[in-house]
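So the structure is just underneath, and the comments pick up after that.
Each reported figure results from applying straightforward, stated rules to the coordinates on display, with no laboratory input. Here the structure is a predicted model, which is why all the values come from computation and not from measurement. Cβ coordinates were reconstructed from backbone atoms using ideal geometry, including for glycine residues, and neighbour counts include every protein chain displayed.
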Amino acid sequence: MKWDVAMIKTIITGIVLYASTAIDLLVILMLLFSKYRSTKHKQQIYIGQFLGSYTLIAISLFFALVLHYVPAKWILGFLGLIPIGFGIKYILSDEDEAAEVDEKIEQRKDKNLIATVALITVASCGSDNIGLFVPYFVSLTIEQLITTFIVFTFCIFILVYLGDKFSRVKIVKKLLDKFGNWIMAIIYIGLGMMIILESDTISHLIKILF
C-alpha cells in the first residue's frame, strides 16, 4: 500500500513539475505551430520538442547523479532554493519572452526545423528546467526516476498536442501572457519548499544554530 501511495505521489508530482515548466514551452510551441502548418512541419516540431526536452532531462539527471554523492541529505535541501529563486524571478519579471522566441524563429527560418525547435527549447527553458529538475531528481529513487521519466514523456506529447490546438485559439495566449508567470512562480516556490522540508534542512539548521 505504501508503495502505491508513493508511486501515485511521484506521478502527480511529476505531472505538476513538468506542467510548471511547460507554460513557457506552450507559448513557444503555439508560435511554432502558427508559423508551420503542414503535416511534415508538425512532425518535425514533435521530434524537435522531444529532442530538446530529453536533452534537458539528461543534463539534469547527470547533475542529480553527481549530487547523489553528497553524504548528508539535509545539505541537498538547499537545492530547493533554486526553484524558489526562479519563482521569485517570475514574479518580478516583465520580459516579453514570446517576442524573443519569435525573433529566434525568424533567424532560423531557413534552418532544419527539428534542430530549431530543439535549440529553442534548450536555449529558452534550459536554466529553468535544469534548476527545477535537478533538486527534484536528487530526492528520487531509481524506480521513482523511471516513473518520472515515463510521466515526462507522456507530458511532452500532451504539451506539443496542446500547442498545436491552442495555436488557433487567441484567448489561450492572452491568458498565458497575463497569468503564466504567476502560475509558474507559485509552483516553483511550492516545489522548492517541498524539497527543503522533505530533506529536513530547516530542522537541521535549527539544531546547529540553537
Handout entry: region 13-73 - convex hull of alpha carbons, volume per residue in Å³
Key = 85 Å³
Exercise for the section: Subtracting the Cα-Cα distance from 0.36 nm times the residue separation, let me have the gained length for residue 4 to residue 149 in nm, one decimal. Expected result: 50.4 nm
Handout entry: Packing-based order for 199-209, 149-159, using average beta carbon neighbours within 10 Å, highest first
Key = 149-159, 199-209
Completion exercise
Rounded to the nearest Å, the spacing of the alpha-carbon centers of region 139-168 and region 39-70 is 11 Å
Practice task
Beyond 30 Å between alpha-carbons counts as too far, so tell me which of 42/89; 40/170; 42/170; 9/170 fall in that bin.
Solution key: 42/89; 9/170
